[in-house]
Each structure stands twice: as C-alpha cells, then as structure tokens.
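The values are calculated or read from the model by the stated rules, or taken from the named source; none is laboratory data. Note that this is a predicted model, so its numbers are computed, not measured. So basically every Cβ, Gly included, is an ideal-geometry build from the backbone, and we count neighbours across all protein chains shown. Just so you know, the surface numbers come from the protein's heavy atoms only, side chains and all, with ligands and any DNA or RNA stripped out. Shrake-Rupley method; radii C 1.70, N 1.55, O 1.52, S 1.80 Å.
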Amino acid sequence: MATITAPVQGYNGPGVGGVIFEDGRAETSNPAVIAYARRHGYDVEGDEDGPQDTKPPARSASKAEWVAYALTQGADEATAEQLTKEQLTEQYGG
C-alpha cells in the first residue's frame, strides 16, 4: 500500500483511478495509479518498487486509469493522453 500526497496541500476529492484524497493524502495499491502519481509530481511513500506484474484495468475503467496503466508500460505521457480510451484498450489490452 502506498500513500500519495497531492501537490495541492490539503486537497479533498477524487483522484486518478478512483482514489479519494482527504487532507491531501490518499492510499492505494494500484500500480498504475502509483506510477501516474509519481510522474505528475505527487509525493509517494511506501510501495517503493511496486509490483512487477501490472495487470491492465478493466475495459470499463476510466480513460485516466488507462493512461496511468499505459505509462507503466512505457508509453509516452503526451501520446497516451492524446489517445482515446478505445485506442488505449486496444493497444494495451484489457
């Protein structure tokens, strides 16, 4: 389990992959969300290496979850953001 601290101090609300921030912090064990958070300047504590075998999100998952997963698979962030959810699911499985 990793603890993610938002770059906006005290943020309360939803984050990528369905995590909910309370007082600027959220917890998750989702490796795609952890990778996304690290790439976007969030402070991540715990789960330093993360799981080695990352499974793709469900087809019904949000585009943000698919982008986060694509990043764990070596995708370029700008390219992944430009793809549609359908393109992401086709390219990265699920």
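Worth pointing out:
- Taking the helices alone, the chain has a mean residue ellipticity at 222 nm of -9500 deg cm²/dmol, built from -39,500 (n - 2.57) per DSSP H run of at least 4 residues and averaged over all its residues.
- Per residue, in Å², the accessible surface of the chain once ligands and nucleic acids are set aside, probe 1.4 Å: 58 Å²
- Each distinct pair of alpha carbons in the chain adds a 1/r term; the inverse of their mean, the Kirkwood radius, is 13.4 Å.
- Packing order of peptides 3-11, 29-37, highest average first: 29-37, 3-11 (average count of other Cβ atoms within 10 Å over each peptide's residues).
- Accessible surface of the chain, 1.4 Å probe, proportion on carbon and sulfur as whole %: 44 percent
- Amide hydrogen neighbours beyond the local backbone of residue 43, cut-off 5 Å, H modeled: 5
- Around the amide H of residue 27, modelled in the peptide plane, lie the amide H atoms of 4, 20, all under 5 Å away and 5 or more residues distant in sequence or on another chain.
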